[in-house]
Every structure is written in structure tokens, then in C-alpha cells.
Amino acid sequence: MADARPERWLGHFRRVLKYLRPHRRPLIMGLVAALGVGLFYTFSLSSTVPILKVLFAEHESLTDWLYRAEAERRLGVVFPADVPDDPAGVPIDNIRDTSPAAGVLRSDSRITAIGSEPAGSYALLRRIAEHPGTLLPDVRVADATGVRVVALPLRPHREWWDLARRAATLMPAGRSAEDRFRVLLILTAALVVVAVLGGLSRFINEGLVATAVQRAMHDLRTDLADHTLRLPVQWHSLQPSGDTLSRFATDIGKVEVGLSTLFGKVAREPLKALGVLSLAVLLDWQMLVIAVLGLPIGAIVIRAFGRLVKRAQQRASESWGRLLDHLGERLLGIRVVKAYGMESAESQRFESEGRELTRAQTHIELVDAASNPVLEVLASIAVAAFILYGGARVFNQQLEPHLLFGAVVCLGGVFDPLRKMGNVNNRLQQADASARRLFEVLDLPAERSAPATAGRELPRFQRAIEFRNVSFAYPSSPHRLVLDGIDLTVQRGQVVALVGANGSGKTTLVSLLLRFFEPRDGAILIDGHNIAEVTLESLRQQIGLVTQDAIVFSDTVRANIAYGANGVTEEAVRRAARLAHVEEFVDALRIEQGGAVSSGYDAPVSNRTLSGGQRQRIVIARAILRDPPILILDEATSQVDSESERKIQEALEDVTRDRTTFIIAHRFSTIARADLIVVLDAGRIVGQGRHDELMRTCPFYVTLVRTQFAQGV
Ligand code: ADP
């Protein structure tokens, strides 16, 4: 069982990933698109810095600023920001300790010219910024010590310099209001283009991930359905069907949300945060520290919330199961509910059972609702700390205000994707709880892989069926023997009637023959082959089953008769229908559905639209069509009027000819014509033989006939 494993983080959810493997192509393309989302998000935020610059600068143009910033970086000095062009050159405001030109320049120095031609301050800054080498010769510097001509050592360009310079040359370099407006126009147009590309990437990311996830969910659903059908009868008899339905609906739904979140949000948002973070580092690395400091606290909060949600999801899924079970059962028995006037009482019970679900769901929603505000408060504390710290640096002239502004925008740009991730862990934990419920079923051994299945084919039945000292107890009550030391031999062609009080073990006996359950002791042999050692297919192919409840599926009459028989001809279906006396009513069937009328064998039927007797005959036809050498009939005790009963009786007589038949008998006519009557009492055989013999030798049988079969005698 899944529970026995040590709990890995999201261990159950991780196992679902294997369903995505066949659909990895759209998934991978979707993830590549997530890269685009991160990239364009970073671009769009990065445009805020130049936009702020253009809007707030009084003298400098955008390109002037770019050259000044690069000149400052290369020389390791601070020049006065946003001043008018000065024909007397650029003064130095400050020299950083790390400046490569520290030995050459002083804090009162002014660079007046480079080379022979005199130039204004903007042109000088541009020369410094653009100089290709790391030593700028022939620089005229004036300060208190006089005028000198020096060579200025420069830091090398950064990798992105070329790109930035080229982008800058695309912009109008003028400083007039019109030129600035044109720059603003270009920047905002770029912003819109980037938004379009970002939106497109996001659509591709979500669309392709959804495609892959939906396909994977289809596979998972199919797998679960397939496996559920292959689970042993024992499991089905104990498992409430509503709970199984809830696994299909609720739990697969949660897993789906988990996968979409994982490959959508979890792929996208951190990339966005990372992109902006690297931009922020370019602007000012100290912000990285602040951003990173808050993260562990956020992670602890997210984790705590995730745990709460996981537990609540488990309760919610179970509760859904109980609710569906209740509702399903009551809908099935709607006539009983109505006849006994229980509508109000039932809906009250539904209401009270639904409360647990409401509680669990509310719990999930509340934790979810709390996640984001708590993270937002944490984020705003971090932003406030950053503004205080950055503001102090602005006042000390270490940082230009528009850069701080840009940095705060970036910080927001880092926190916003992280905030969106706030409920991701909740979603993943919910998906984990649901995946656990799915694998609880998927991990159960299917009937076919039971160790006793040795894989030999059972040859077609020829001679005799033998129960040899068979005992059995249901696993749910292992100490109560339902069958105890059964010894029984049935020859080919015999009609065997099983009789006994309710609960004496008749149904269990035939269930063992079908291997719905395995005997605890003893063995069942068909022509000397132990049925535990042959394949289930070869065994069940030789047995036709007509159950008392006569199950008809929602399908046409033809499909219901041909159920379980592959590639049969129309003629074969009609022959079986004739033998089972279906033909007598099939022509009269006319069913109207959505305006179209279907009749005869094409009529869509269901358990609800046919009478008990009609259903009985359809299932008998189904059993005949497969032409099994062994037939198991559970006689209907009710539901049929005497006319139908006579028809069914006739049908059965036709059918049982040339077959070995086990009948759980409820009618005197059946025991009267049986070749062998087996009398069961509390799991033991207390008599066997023909009717006349037993009337003489078995007092228990005499009582049974007088009480159970009285009306027939
Ligand atoms: P009969 O067909 O003669 O009425 P059954 O074979 O259905 O009797 O049942 C024999 C006994 O086994 C009954 O006491 C019944 O309660 C019990 N039983 C039947 N099915 C199960 C099950 N799936 N789990 C546990 N006990 C069961």
C-alpha cells in the first residue's frame, strides 16, 4: 500500500508525472514559452528606468545619461547629474576608493579636453564612455595643482555595452522637448510590443501545458477505470461506489490543477522573478540582499499553509466520496425513498453529511485566502526597508533618484511573481493528497496478477466438476466459515439445483466456481484441472452467468445480448434471442430519444426502462450467445408476473439442455426437474440427490420444501 512508504515531499504527486512522459513534446515547448514570459516581463520592467529618466531629466537626453553612467562606471567617479552642457568641461564630484584613476584624478579635478580639440561636457563624457581601450591618452585635467595632460586608466566595457550603445543610437539624441517626446514614444511603443510578445508567450505556455496535462489526465482516468474494473470482486463488495466516483471526479481534478500549476505558474513566475532580479543586480546589487533576506521567512509561511491545506484536502475528498455514495444510493432507490415519504429525512441527512465537506472546503479556502495577504505584508516590509535604505543613499548622492525608483519597481517586479507563487504549495499539497487516493487504488493488485494465476489454459469442459473439501470465509469476517467442507461432484450435462435457507452459502458456492473469491481450503477441479491454476479468461469463458438482479446496461438490445461475445453475427444474436424468448417482446419495443425513434434490436434500453421479466430474458440470451458449457443461474424470486415466469421457465429449459447448469433454485418446478439437488445448511451440504430420494432420506429437505417451495407443491 502507498501508506507504508515513507512520505517523500509530494511523493504521491510526483508519481503522476509519468503520465506526462508520452506528452512531453507540447510540455517542453510550453516550458520554453515560459522562458519567453520571463524574458519579456523583465524587458517591460526594465523600460521603466529609461522612461523615468526621460520624464524627470531637465537637461540630459537619454543617450547623454547612458554615456555619463558608463563614463562614471569606467572611471569609478561621480560626475554632476543632469546639468547643462558646459563648454568648460566636466567637474568631478567624487572619486570612489576603487577608482582605477584614483592616482591621476583629485576630487577637485575637472576634465577640460581630450586630444587637441576643446569640447563641451557631454561630448567629453561620450568620448570616455566610448573609448575602446582601457587607457585614454591625452586628457587635459585642471585642478588646484594646475593643468596637466594625463592618460586615464579605464575599466573595460561590460558585455552588454555594445548592445546598449546601439539601442541608444536608434533614439533621437537631441535635448529639446520634441526630441524627448519622440524618445518617450519609442519607449512606450517598445513597451507595447514587449507586452504583446509576453502575452503571446504566456498563451503558448498555458495552452501547450494544458494540452499536455489534459492528455495525461485522459490517460490517468483511463488507467484508473481499467484498473478499477480489474480489481477483485472482494474489493468492489467492500468499497462504496461513491468513494470510487469521488476519486475519478474530485481527485483527478485536483491532480490536474496541481500539474497545470506546476508547469504553468511554477515554471513561469520564478523565471520572471529571476529575470527582474538579474536586472536589479545590474542596477544595484544591494537590492539582491534585501530581496533574498525575506525569502526564507516567506518559505516557512508557505510551507505551514501547505500542510494545513493537504490535510483538509484529504478530508474533503473522503467527504465527497461519502456524499456521492449517499446520493447515488438514494437515487438508485428513489422509488423506496418516495414510497416511504423519506425525501425530507434524506435531504436532512445529506445536509448533515455535507457539513463535513463544507468545513474542509472552507478550511482550504481560508488558508488560501490568508496565504496571499500574509505574503504581501512580508513583501511590503521588505519594500519599506529597501526604500529607507535606498533613500539614505540618494541623500548621500550615492544613488540617483530615478535609479532608486527603478529599483523599487524591480523589487515589486521580483515580489509580484513570488506572491503569485504563494498558493502554489497549497495547490501542490492538495494534488498530493489526491494523488495518494488515486494510487491507493492503482497500487492494489489486479485480479489477473493474483499469484495463483499460473497461466495455463483450461481445456473445454468435458466430464465433471468437482468441489473437493472446499471451505471458505469472507476476508471481512475471517472467523466465520461461510462454506465448510464442501464435497460435490457434478457430471457434464447435469442440472444441479442448490437449495437452502437465505445465507446458507449458495451464492458463495457459485462465486467460487467463477473465482470471484479463492477457497480457503480444498480445491475446485474441472476435468481434473484445479481452477486456481488456469487463466481467469479460459475459466470464465466457459461459464455463463445469469444473476438474479438481471443487469442490463444502457445500450441497444443487440449490444446487451452481444455483451462479452466478440464478433458475433446478427443471426447468432437473433438465435439467442429466440431461445431466450426475447423475440416475443423485442419487436414491440419502440423507444423515443431526442426526437428519433428506435425499435427492435436497435432500441436503447436500460435497467429502468424494461420490466424485470424482460431483463431476465435479455440476460439469458446474453448467456446463451456465448454458448458456455457451464451455466450459473440465480433464479429470480420476484419482479416477474406468472406469464413472464412461464416464459422464463421455458427459456431456461431450452437453454439448460446440453449444458451443465447450477441453479440457485427458488421454484418448485426447478427442483422437480433437477438431476441433482444439493441441500445447504449453514455452509454444509446436508443432503444431495433427486427430489424423491431426498423426500425420503433428508428431513431438513422436507421442511425446506414445505416452507420455501410450498406454493409449487
Ligand atoms: P445465499 O446465496 O445462500 O443466500 P450467500 O452465499 O450469499 O448465501 O451468503 C452466505 C453468507 O456469507 C451470508 O451469511 C452472508 O451474510 C455472507 N456474505 C456474503 N457476501 C459476503 C461478503 N462479500 N463479505 C462478507 N460476508 C458475506
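The figures follow:
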| read-out | value |
| --- | --- |
| Ser116-Arg73 FRET efficiency (beta carbon distance; Förster radius 22 Å; 0.05 resolution) | 0.25 |
| Lysine pair count for the chain [Cα-Cα under 18 Å; pairs on different chains or 8 or more apart] | 5 |
| Nearest-ten-degree value, helix 286-332 long axis tilted from longest Cα axis of the chain | 20 degrees |
| Tilt relative to the chain, helix 642-656 - C-alpha long axis, 0 to 90 degrees, to 10 | 90 degrees |
| Euclidean distance of C-alpha centroids, segment 61-77 and segment 4-37, integer Å | 46 Å |
| Over segment 300-366, volume per residue of the alpha carbon convex hull, in Å³ | 57 Å³ |
| Residue-span extension gain [Ile381 to Glu365] - 0.36 nm each, minus C-alpha spacing | 3.2 nm |
| Among beta bridges that DSSP assigns inside the chain, antiparallel share in %, nearest 5 | 70 percent |
| Gain upon complete extension [Glu570, Asp627; 0.36 nm per residue less C-alpha separation] | 19.0 nm |
| Length gained when the stretch Arg673-Tyr389 is fully extended (0.36 nm per residue, less Cα-Cα span) | 92.1 nm |
| Förster-model FRET efficiency, 60 Å R0, Arg230 and Ala177, C-beta, rounded to 0.05 | 0.15 |
| Ile297/Ser47 FRET efficiency (R0 35 Å; Cβ-Cβ; nearest 0.05) | 0.65 |
| Whole-angstrom gap from segment 132-153 to segment 255-330, using each part's C-alpha centre | 57 Å |
| Projected label distance in nm at Asp108 and Arg684, using a 7 Å step from Cα toward the beta-carbon | 12.4 nm |
| In range of the label at Glu653: residues from segment 668-706 whose backbone nitrogen is under 18 Å from the point 7 Å along Cα→Cβ | 668-676, 691 |
| Globularity index of segment 455-712, i.e. its alpha-carbon radius of gyration over 2.2 N^0.38 Å | 1.05 |
| For segment 392-463, Kirkwood radius (reciprocal of mean inverse C-alpha pair distance, Å) | 19.0 Å |
| Mean-position separation - Cα centroids, segment 159-187 and segment 537-551, in angstrom | 83 Å |
| Neighbour cut-off at most 10 other Cβ (10 Å), DSSP loop, GluC sites (Glu not before Pro), segment 158-226 | Glu159 |
| Segment 455-712 - share of DSSP beta bridges that are antiparallel (%, nearest 5) | 55 percent |
| Convex hull per residue volume in Å³, alpha carbons only, for segment 62-170 | 96 Å³ |
| Separation of the Asp692 and Arg480 label points, Cα + 7 Å toward Cβ, nm | 4.0 nm |
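Bear in mind these aren't lab numbers, they're just calculated from the coordinates by the rules spelled out. Keep in mind that this is a model prediction, so the values were computed, not measured. Note that we place each Cβ from the backbone using ideal geometry, even for glycine, and neighbour counts take in every protein chain shown.
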